[in-house]
Amino acid sequence: MMRRFGGGNATMRRQHRVPVIPAVLALIALVRAGPAETPACKEDPRIVGQCFVVHGRLAVRANMRPYLWPVGTRRLLGIASPDGAIIMPAALQSLFAAHLERQAFGDFEVCPFTLQRPGIMQMVCIAAVTHLSVRGER
């Protein structure tokens, strides 16, 4: 018996569809929430080096993840622990909670989860921020 691909019964196709939008929303909520017991940035045992201060711009990108651009460089620092949790001060989290288009400039104290390597994004957490200036207020 010959099998046809691409055609078939429309009822059968509808029965096997996966509800994509609810699955994507659940995944985003899970990633944003992170683990229940996330340690503070400086106390995290997964830190691989000394914390350092960088002057830069923090913004949330289209993939709903925050990135820190050190001013004057062509690099981006990813704000995420190895398990995907976003670790930053509560004041910064609330700043972006309702307005993802905001940008925060300041001096960020970051602690590295990965070593700095050319061409590869370094993952960090934010321990503190000073001299904060926010753009994109509404």
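Results, tabulated for the structure shown:
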item	result
Candidate set: the stretch 85-132, residues that are closer than 16 Å to residue 71 by Cβ and acidic (Asp, Glu); chosen: the one farthest from the chain's Cα centre (by Cα)	107
Count of the stretch 101-115 residues which are more than 17 Å from residue 56 (Cα to Cα) and touching a strand residue (DSSP E or B) at 6+ places or on another chain (Cβ under 6 Å)	2
Enumeration of residues in the stretch 93-138 that are surrounded by 11 or more Cβ atoms within 10 Å (Cβ to Cβ), without any contact (Cβ under 8 Å) to a residue 60 or more places away in the chain and assigned to a loop (DSSP other than H, G, I, E, B)	99, 100, 101, 102, 116, 121, 136
Qualifying positions in the stretch 124-138 - under 15 Å from residue 59 (Cα atoms) and either of a type in the set (Val, Ile, Thr) or modelled with pLDDT of 95 or more (or both)	124, 125, 126, 129, 134
Residue count for the stretch 108-134, restricted to those that are farther than 17 Å from residue 40 by Cα and in contact with a Lys or Arg (Cβ under 7 Å, 6 or more places away or on another chain)	1
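The values are calculated or read from the model by the stated rules, or taken from the named source; none is laboratory data. Bear in mind the structure is a predicted one, so any value in this text is a computation, not a measurement. Cβ sites come from the backbone with ideal geometry, for glycine too, and all protein chains shown count toward neighbours.
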